[in-house]
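**Q** Dumping the structure here so I can ask a few things about it.
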Amino acid sequence: MTANFGRRWPGREAAARNEESADDRPSRALLSNLPPEERARQLCLDALERRMRTRKQLAQLLARKRVSLEIATPVLDRLQEVGLINDEAYARAFIASRQRSRPRGSRALSSELWAKGIAPDVIERVLVETTEAEDPIQAARRAVAPKLRQLAGKPNDEVRRKIEQFLLRRGFSYETARDVLRDLSDPDDSLA
């Protein structure tokens, strides 16, 4: 008996999936037949249907699809006007998601948001709200807990050096890294 390692065998199920996907969204041929403004709008709506995007990300998508700037700008303005593009909401959701899955310091978060096209004043405002809501030392402790398990059994000096480097790479400040390392040296305080 042979195993099916991800190969797709043609059958009724594949045909049914193809029919369903063809019915609920316009095909490439139909998209290319649309007027340029409508095509740009549809490309943006399709992208926003999958996940939140920043204005910059949508502008890059339209540029990759060879939509001219004269057509893209009014489409993006309209989407922003009706609230489908909201960089501040994107920044809040991004930071919340990042802090849940892979905690980062404010420097790293700021850098990532800037690369995604979020305005510096929006980044600063959202980071201030986040810092007020969550203590950076607690976030650093959550980030370092798996690393401590990985470094178990290593000499104390090596652990301290690696933890400090890890936290600084994750964008935490020197003060936060120092506070976490001070907590690490307290025998009665657990980081986990």
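**Q** Using a cut-off of 14 Å between beta-carbons, work out the net charge of the residues near GLU129 (Lys and Arg +1, Asp and Glu -1, GLU129 not included).
**A** Result for the neighbourhood of GLU129: -4.
**Q** For a label point 7 angstrom out from the Cα of SER111 toward its Cβ, which stretches of the stretch 150-166 have the backbone nitrogen within less than 18 Å?
**A** So the set is 162-166.
**Q** Quick one: what are the phi-derived ³J(HN,Hα) couplings along the stretch 134-146, Karplus 6.51/-1.76/1.60 with θ = phi - 60°, whole Hz, x for glycine and proline?
**A** Couplings: 10, 5, x, 5, 5, 5, 5, 4, 5, 5, 8, 4, x Hz.
**Q** For ILE85, list long-range residues whose amide hydrogen, built 1.01 Å from N in the peptide plane, is under 5 Å from its own amide hydrogen.
**A** GLN80
**Q** How large is ³J(HN,Hα) for each residue in the stretch 166-172, as worked out from phi by the Karplus curve 6.51 cos²θ - 1.76 cosθ + 1.60 (θ = phi - 60°), to whole Hz, x for Gly and Pro?
**A** Computed from phi, the couplings for the stretch 166-172 are 4, 5, 5, 5, 7, x, 7 Hz.
**Q** Can you work out the PRE-style zone for ASP121? Point 7 Å along Cα to Cβ, and I want the residues of the stretch 78-103 with backbone N under 14 Å.
**A** Only 88 pass the distance filter.
**Q** Here is a follow-up. Give the lysines reachable from LYS56 as a straight Cα distance under 25 Å; neighbours fewer than 8 places away on the same chain don't count.
**A** LYS65, LYS116
**Q** Ok, one more. Using θ = phi - 60° and the Karplus curve 6.51 cos²θ - 1.76 cosθ + 1.60, what whole-Hz ³J(HN,Hα) does each residue of the stretch 112-125 get, with Gly and Pro shown as x?
**A** 5, 5, 4, 5, 8, x, 7, 5, x, 5, 5, 4, 4, 4
**Q** Based on the Cβ-Cβ distance of LYS162 and ILE137, what FRET efficiency does E = 1/(1 + (r/R0)^6) give at R0 = 30 Å, to the nearest 0.05?
**A** 0.95
Read-outs throughout are calculated quantities, based only on the coordinates presented, and are distinct from any laboratory measurement. Keep in mind it's a predicted model, so treat the numbers as computed, not measured. Reconstructed Cβ throughout: ideal geometry from the backbone, glycine too, with neighbour counts over all protein chains shown.
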